[in-house]
Structures are given as structure tokens and as C-alpha cells.
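One structure is given here, and the rest of the page talks about it.
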Amino acid sequence: MSTNARARAVVEEMFSENTAFGRTGRKFKTSHTSMPLPACDYVVELADRLGAERTVEIGLGLGVASIFLASRRSEGAAKHVAVDPFQHSIWDAAGLVALELAGLEDDVRLVQRRSEDWLPGLAGQSVRFDLALVDGDHHFEHVLMDLHHLARCLSPGGRIVVDDIHLPSVRGAVGFFVHNLGWRTTARPGLRDDLGRERLLVLEPRDDVDRSWDHFVPFL
């Protein structure tokens, strides 16, 4: 399933004008805060290869990635979930505005809670995601918590896509799981933004690693 024409036109205009608008007219620079188009295309291609029916994103922001993921939703399927407690306070609802322009406001469920508060409650429920995108709070401890909790909410064979892997805080958090829990790096597309920075890393979590009680591998 590819991104529908209306949705793609909305995103392409956001990038060509390098501007997104909030509910009250506040302007945001699209290139400063959103995944580039090739990265979004890659995430959609990955979702299609996985046959992902349930997707979740940490960080709605300006709504670019959510537009791409929501536009592949088939009728009757679960809504794409976007977790963003700051959509109104920081982003002036710009992500929601973009979704409305793309005609996808009914295809996304916005969770206005911090991911570290919301995700733990899902572990004991039957909800499982096939693909997760981490692009929220980029501080080391928040990325670490997002990855830990998302891994417990993935369906078998599910993947986690991490954006902004060029940031030391993000790369460090990923390093813990790769070196200590044996998570597999299933793809490293090498996609870069306009500044030449590496963007995406795709992770395959594992839950079959047998570790001693004091096992630890330095990862920084």
C-alpha cells in the first residue's frame, strides 16, 4: 500500500514551503522537525513488507510520519496510534491540522500522555503493534524507556524504527539493547537528511537471551 495522492501532496507542500501551520496560525519549519520524505517512504515500505496492521509512533509533532503511516490503513483496520502529550501545548496542534488537510483525522488515535506513562500499561493487555516508530523525546533515558516498553508491546516479528540515530543520546540508548540484549539491527538504510546526518535504524527486539544475574556489557 502506498501513500495516497492527497496525503502525499500535503506533505510535499509542507516540505516545498518548509512550513507547517498550527491551529492558531503559528508557523513551524518542516525541515527542522520532521523525517525527510525518503525516510517516510522507507518506513511505509517496511510496514508493507511486514504486513503491519497495527502501528504506533512516539511523537506526532507536525504529523508527517503519521500521515504516511495512516494513509496505508485499510478500511476496518486499527487506527494508527500517535503518542504526543505536547501536540497542543508545543505544536499548536500542527500535526492534527496536517492530518485534517490529508483527510486522515479519523485514521489516527492521538494519545496525549507521556510515552513512559502510557506504554507500561499496555504490556498486560492484548494490544500488540507490528511496527513502532520512535521519534519523541530524544534524551537518552526517554529513548531507553521507549525502546524497553515498546519491545514488550510488539507482535512476534515486529520491528522498531528509530529516527535521529545520529544523536549520541539516541545511539547510546540503542547501543544498550544491541550489546546487552542481542537486539538485531535488521536494516540500516543509510538514509540521510539535507545536512548529511544519518536518520533511521531498524531494530528487531529479542526476548530469548539467557543472561546471568550480573551480566552487563558496556555500550558507550
- Note on the structure: Contact list, first residue from the range 168-184 and among the hydroxyl-bearing types (S, T, Y), second anywhere and buried (at least 16 other Cβ atoms within 10 Å of the Cβ) and assigned to a helix (DSSP H, G or I), beta-carbon distance below 6 Å, six or more apart or interchain, is S169/F140
- Task: Check off (1) more than 13 Å from the chain's Cα centre (by Cα); (2) crowded, with 19+ Cβ neighbours inside 10 Å for V81 and give me the number that stays unchecked.
- Result: (1)
- Query: Which condition number in (1) closer than 23 Å to E17 by Cβ; (2) surrounded by fewer than 15 Cβ atoms within 10 Å (Cβ to Cβ) is the one that V97 fails?
  - Reply: (2)
- Give me the pairs, please: first residue somewhere in the range 28-39 and exposed (fewer than 15 other Cβ atoms within 10 Å of the Cβ), second residue anywhere and polar (S, T, N, Q), beta-carbon distance under 8 Å, and either six or more positions apart or on two chains. K29/N18; K29/T19; S31/N18
- Query: Which condition number does L201 fail, the rest of (1) buried (at least 21 other Cβ atoms within 10 Å of the Cβ); (2) farther than 26 Å from V64 by Cβ; (3) of a type outside the set (S, T, Y) being met?
  - Reply: (2)
- Restricting the range 8-50 to residues that are part of a loop (DSSP other than H, G, I, E, B) and at pLDDT below 95, which is farthest from S66 (Cα to Cα)? P36
- Message: If I filter the range 145-166 for residues that are over 15 Å from the mean Cα position of the chain (by Cα), under 20 Å from P36 (Cβ atoms) and of a type outside the set (S, T, N, Q), do I get at least one hit?
- Response: yes
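The values are calculated or read from the model by the stated rules, or taken from the named source; none is laboratory data. Not measured: the values here are computed from a predicted model. Note that we place each Cβ from the backbone using ideal geometry, even for glycine, and neighbour counts take in every protein chain shown.
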